[in-house]
Amino acid sequence: MKFSVVIPLYNKAPFIGSTIESVLAQSVRDFEIVVVDDGSTDGSDQTVAALTRAQTDGRLRLVRQRNAGVSAARNMGVEQARGDWVVFLDADDWQHPSFLAALQMAQQRFPAAGVVATDILLIPHSEGHWPPHWEVGSMAAHEIELIRDLPTRWMQGPTLSSSSVAVKRSLLLRMQPCFPLGETVGEDLDLWFRLAEKTPVALVHAPLAAYRVALQGSLSAAHTPDTVPPFLLRMRQRAYAGELLPAQRRSALRLVAQQHVTHARHAIANGQRLLALRWLMSSLYGARTRRWWLTLGMAVLVPGKWVSQWQNWRVSRSSPVAPLRQAG
């Protein structure tokens, strides 16, 4: 069995059926599905149980645990997986029928990569069916990018999503607990960056995973944290502790600094100028960049509503992702 698709589930009754159907529709048939129910109370687990009974080949399995959070559910899925590769899929997202085939192609093209992924397609959270006209063309025509420096690549644009990534199970087992327990912000990013410090990432440039986002996606509406997310703290600690190669250290510190600048801009857009200045001052490594100085000027001189409009205009012209998933 090549792929184990791990789906953490908590109260996603309206979506979990179609999520599982998207996996069962894969053109590559060498897979299993491991749904880890994290103590759902809305009947989500019963939906999965009924689908499990309807499957005659045993490829769909339901594992139940007491509510412990998405990280614990994903870690349990890694332990329960039997495949060579673990594929992650959120319980309200979809994967295109060619998704696993694309991952297989990336593995064959870059056998040294311990992580393979595809681009994502953003859909409204209320969408109840597979995206219409989800045409992706020929697999052979898609570019596959080999990423050796994920922090630097992340600053250039969207890269990995929790529903578009597959990792060698042997690598994950050596890193358990893979996802930090008790965290809900950046718990997936923490793993992607730690993995990229150990192995290259092969990214297929085709939107083969559909990721749900809220309809109101403006940056000004996003929550601006007033403390550094734990995954950034750990990345900075690894850099300063000498755990990374020199090139990795530089790119990690640049990413941390750029995320501070991003939070500062969100704070300005929300009228929180003092918070914006605290974000900038807490990562002076970013003062080596033009973006840091430009943001400092915004915090001092530019009205917040102008910054908000400018940020939303930039997002509308690029491929958007949820704010905490993008460092740029």
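Structure values in brief
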| read-out | value |
| --- | --- |
| Selected from Val87, Val136, Val23 as most flexible by GNM, with the chain as the system and alpha-carbon contacts under 10 Å | Val136 |
| Rounded to 10°, Cα long-axis angle of helix 304-317 versus longest principal axis of the chain | 40 degrees |
| Loop sites in segment 63-110: trypsin sites (Lys or Arg not before Pro), DSSP, at most 16 other Cβ within 10 Å | Arg66, Arg82 |
| Largest-first ellipsoid semi-axes for segment 18-161, taking √(5λ) over the Cα gyration tensor eigenvalues, angstrom | 27, 18, 17 |
| Segment 1-136 - accessible surface per residue (Å², probe 1.4 Å) | 41 Å² |
| Helix 99-109 vs. the chain, principal-axis angle (Cα, 0 to 90°, nearest 10) | 80 degrees |
| Candidates Leu253, Leu277, Leu89: whichever shows maximal mean-square fluctuation once the chain is modelled as a Gaussian network with Cα springs under 10 Å | Leu277 |
| Cα→Cβ-extended label distance, 7 Å offset, between Asp84 and Ala112, nm | 1.9 nm |
| Loop sites in segment 1-54: trypsin sites (Lys or Arg not before Pro), DSSP, at most 12 other Cβ within 10 Å | Arg29 |
| Of all accessible heavy-atom area on the chain, the percent that carbon and sulfur account for (1.4 Å) | 55 percent |
| For the chain, alpha-carbon Rg relative to the globular expectation (2.2 N^0.38 Å, N residues) | 1.01 |
| Potential extension, Arg290-Asn67 segment - 0.36 nm per residue separation minus Cα distance | 75.8 nm |
| Cα shape, segment 152-200, gyration tensor, a/c 1.5 rule | oblate |
| Antiparallel content of DSSP bridges confined to the chain, in %, to 5 | 30 percent |
| Cα-based equivalent ellipsoid, segment 124-215: semi-axes from gyration tensor eigenvalues, Å | 25, 19, 13 |
| Overall dimensions of segment 85-180 as given by Cα atoms, namely Rg and Dmax in Å | 14.3, 40 |
| GNM result for the chain, Cα springs below 10 Å: residue of Ala117, Ala239, Ala276 fluctuating most strongly | Ala239 |
| Angle in degrees between helix 187-196 and the longest Cα principal axis of the chain, rounded to the nearest 10 | 90 degrees |
| Ala202 long-range amide H proximity, modeled H, under 5 Å | Val115, Val116, Ala117, Ile147 |
| Loop GluC sites (Glu not before Pro), segment 97-200, which have at most 10 other Cβ atoms in a 10 Å radius of their Cβ (DSSP) | Glu135, Glu143 |
| Selection from Leu284, Ala257, Pro230, by position along the positive dipole direction of the chain (Cβ) | Leu284 |
| Contour excess over end-to-end distance, with Cα ends at Arg29 and Gln237 and 0.36 nm allotted per residue | 70.7 nm |
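The values are calculated or read from the model by the stated rules, or taken from the named source; none is laboratory data. Small disclaimer: the values here were computed from a predicted structure and weren't measured. Neighbour counts are summed over all protein chains in view; Cβ atoms, including those assigned to glycine, are modelled from backbone coordinates with ideal geometry. SASA here: full protein model, heavy atoms, side chains in, ligands and nucleic acids out. Shrake-Rupley method; radii C 1.70, N 1.55, O 1.52, S 1.80 Å.
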